[in-house]
Each structure stands twice: as C-alpha cells, then as structure tokens.
1. For the range 80-184, just say rounded, prolate or oblate: build the C-alpha gyration tensor, square-root its eigenvalues into a ≥ b ≥ c, call rounded for a/c under 1.5, and beyond that prolate if a/b exceeds b/c, oblate if not.
2. Could you work out the local net charge near Arg86, counting Lys and Arg as +1, Asp and Glu as -1, over the other residues with Cβ closer than 13 Å to its Cβ?
3. Using the Cα gyration tensor of the range 47-132, with a ≥ b ≥ c the square roots of its eigenvalues, what is the shape: rounded (a/c below 1.5), prolate (a/b larger than b/c) or oblate (neither)?
4. Sort the following peptides by mean Cβ neighbour count (other Cβ atoms within 10 Å, averaged over residues), highest first: 121-130, 141-150.
5. With all protein chains present, how much of the accessible area of the range 54-95 (probe radius 1.4 Å) comes from carbon and sulfur, to the nearest whole percent?
6. Please work out whether the range 93-149 counts as rounded, prolate or oblate from its C-alpha gyration tensor, where a ≥ b ≥ c are the square roots of the eigenvalues and a/c under 1.5 means rounded, while otherwise a/b larger than b/c means prolate and anything else oblate?
7. Quick one: net charge of Glu114's neighbours, Cβ under 12 Å, K/R +1, D/E -1?
Amino acid sequence: MEQPEAPAEKPETPAEEPEAPEQKADALPDALPLDLMFASGAGGWSTDLTLERDGSFTGVYHDSEMGSTGPEYPNGSCYICTFSGRFGDIRQVNGHTWAMSLEALTIQETPAEEWIEDGIRYITSEPYGLEEGTEFLLYSPETPTEGLNEDFLIWWPSWNVEDTGTLNCWGLLNQEMGYGFFTY
C-alpha cells in the first residue's frame with residue numbers, strides 16, 4: 001500500500017505574517033504625529049486629522065457645495081466641523097498594526113448652526129469618518145495590502161499608484177464603517 005504524499009509546504013507570504021499576541025502599548029509609533037486625510041479624491045470635501053503619539057487628535061471636516069447658493073450666499077455653502085478627541089486602549093497587533101478605541105470626541109461647534117460670511121453659507125456638521133464607529137486600526141506604510149478590508153482600500157489615495165504590495169503610507173481604518181484616513 002502506497003503512502004499518500006505529504007502536502008507541499010506553502011511559502012509564507014507577508015499577508016500571512018503570524019499575528020503576535022496583542023501587546024498593550026502606552027503610545028503609538030515614534031513616527032507620530034501624523035497628518036491623515038479621509039477624502040474621496042472627487043468633490044470638495046475632506047476630514048483632516050492630526051494624530052499624536054499619545055492617541056490624542058485634532059481635526060477639521062469641510063465640504064464645499066458651490067452649487068448650493070441663495071440670494072444671501074451667492075458663493076455657495078460650506079459644511080464644517082472642528083473637533084478633537086482621544087484614542088485609548090492602544091495595543092500593538094503585529095509589527096505594522098496598532099488597534100485602538102475611540103474614547104473621546106469633542107465637536108467645537110453646535111451641529112446644524114448656520115451663518116453667512118463673505119457670501120458663503122456655513123453650516124456646522126459632524127466629523128465625517130469619525131461620527132460612527134469606535135474601533136480603529138493604524139497601519140504603517142509597510143503593511144501588506146493583501147487581505148486588508150476592501151472598503152478601507154477604496155479610500156486609498158489615488159496618488160499612491162506605485163504597487164509595491166504595501167500601503168506605502170500610514171492608514172487609519174474605522175473598522176465599523178470601513179472608512180480610511182491616509183497620510184499624504
């Protein structure tokens with residue numbers, strides 16, 4: 001009776017890096033602070049966020065609607081939100097990924113307030129990309145793209161065209177929403 005052949009060993013790829021047990025971290029990587037942007041690449045909107053090494057952040061969301069005009073605001077409308085907050089429960093998942101939880105989010109303006117200035121109607125809003133979701137992942141530029149959340153990669157900046165199999169920039173994933181913030 002012949003013995004069945006042992007299955008050939010599959011070579012390990014970067015995407016199959018064994019995950020180390022999560023390690024509690026007091027801070028994010030030394031590369032911080034980072035300026036990250038959540039934007040579609042089309043249209044006049046973005047959420048810009050500066051992430052500090054201790055998990056604190058500040059940012060602003062703006063969305064220009066130049067076609068949304070009226071007699072008192074012929075130069076269009078602009079939705080805005082200035083915010084700050086803090087990520088906590090920071091833990092390193094592997095050599096290029098940190099997990100963290102949104103612990104605080106403070107909006108400077110009262111949502112839905114309106115005023116007109118210089119022919120533009122300003123409307124206060126929520127911080128798009130952060131208004132929902134509490135669990136986030138921070139990826140280093142060396143993170144393999146294979147196996148990453150496809151909703152996250154949709155937001156990957158179009159200027160990042162060199163396909164090296166890695167992100168090539170820092171990325172922040174809102175896990176519940178699939179939104180991606182990237183360095184630029």
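The values are calculated or read from the model by the stated rules, or taken from the named source; none is laboratory data. Just so it is clear, the model here is predicted, and its values are computed rather than measured. Neighbour counts are summed over all protein chains in view; Cβ atoms, including those assigned to glycine, are modelled from backbone coordinates with ideal geometry. Keep in mind that these areas ignore ligands, DNA and RNA; they rest on the heavy atoms of the full protein, side chains included. Shrake-Rupley method; radii C 1.70, N 1.55, O 1.52, S 1.80 Å.
1. Details: a/c = 2.96, a/b = 1.66, b/c = 1.78.
Oblate, since a/c reaches 1.5 and b/c is not below a/b.
2. On the way: positive: Arg53; negative: Glu52, Asp54, Asp89, Glu103.
The answer is -3.
3. Values: a/c = 3.88, a/b = 2.87, b/c = 1.35.
Here the range 47-132 falls in the prolate category.
4. Values: 121-130: 19.9, 141-150: 15.2.
My ranking of the peptides, most packed first, is 121-130, 141-150.
5. Values: 940 of 1930 Å².
Carbon and sulfur: 49 percent of the exposed surface of the range 54-95.
6. Numbers: a/c = 4.06, a/b = 2.48, b/c = 1.64.
Because a/c hits 1.5 or more and a/b exceeds b/c, the range 93-149 counts as prolate.
7. Numbers: positive: Arg121; negative: Glu72, Glu109, Glu113, Glu117.
Around Glu114, the surrounding residues sum to -3.
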